[in-house]
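Novice: Got a structure for you, questions after.
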Amino acid sequence: MPETPISAALLADALGMTEQQLLDLVQANTSTVYDPTLVALTVEEAARRLGVGRTTMYALLAAGEIPSIAIGRLRRIPAEALSDYVAARTQIAQSTVALAA
């Protein structure tokens, strides 16, 4: 038997708040946190910064396109490695366009 979805308005009313307050609360607690002070990122954080999925990020690491370091049992990506990767890809794309012209 399928469950009936609960509307945001009904849930907000049950919580004693307006629907807009509920939506604002959900948005505030689900937004992507970006900390520019981090020196080394998790695979998920690095993937989020590049705008790719976790699987794609692991593939880039396995191919050696983006370097990573081991810290104990953890795998971390230096934050500047992402900037270097994007800069290199941009340069490759520009030279490919120049060759095609």
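Per-residue answers, yes or no, for (1) polar (S, T, N, Q); (2) open to solvent by less than 60 Å² (accessible area, probe 1.4 Å):
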| residue | (1), (2) |
| --- | --- |
| Val43 | no, yes |
| Ala46 | no, yes |
| Val52 | no, yes |
| Ala59 | no, yes |
| Ser68 | yes, yes |
| Leu74 | no, no |
| Ile77 | no, yes |
| Leu82 | no, yes |
| Val86 | no, no |
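Novice: Restricting to segment 74-98, name every residue that is of a type outside the set (S, T, N, Q) and more than 14 Å from Leu41 (Cα to Cα).
Specialist: Asp84, Tyr85, Val86, Ala87, Ala88, Arg89, Ile92, Ala93, Val97, Ala98 - these are the residues of segment 74-98 that are of a type outside the set (S, T, N, Q) and more than 14 Å from Leu41 (Cα to Cα).
Novice: Out of the residues in segment 13-30 that are aliphatic (A, V, I, L, M) and within 30 Å of Arg48 (Cα to Cα), state the one that is nearest to the chain's Cα centre (by Cα).
Specialist: Ala28
Novice: OK, next. Taking into account only those residues within segment 10-38 that are modelled with pLDDT of 85 or more and open to solvent by less than 80 Å² (accessible area, probe 1.4 Å), which is farthest from Glu80 (Cα to Cα)?
Specialist: Per the stated criteria, the residue is Gly16.
Novice: Sticking with this one: Would you pick out the residues in segment 44-63 that are more than 19 Å from Thr90 (Cβ to Cβ) and over 10 Å from the mean Cα position of the chain (by Cα)?
Specialist: Thr55, Tyr58, Ala59, Leu61, Ala62
The values are calculated or read from the model by the stated rules, or taken from the named source; none is laboratory data. Small disclaimer: the values here were computed from a predicted structure and weren't measured. Cβ atoms come from the backbone with ideal geometry, glycine included; neighbour counts cover every protein chain shown. Note: accessible area is taken over every heavy atom of the protein model, side chains too, but ligands, DNA and RNA are not part of it. Shrake-Rupley method; radii C 1.70, N 1.55, O 1.52, S 1.80 Å.
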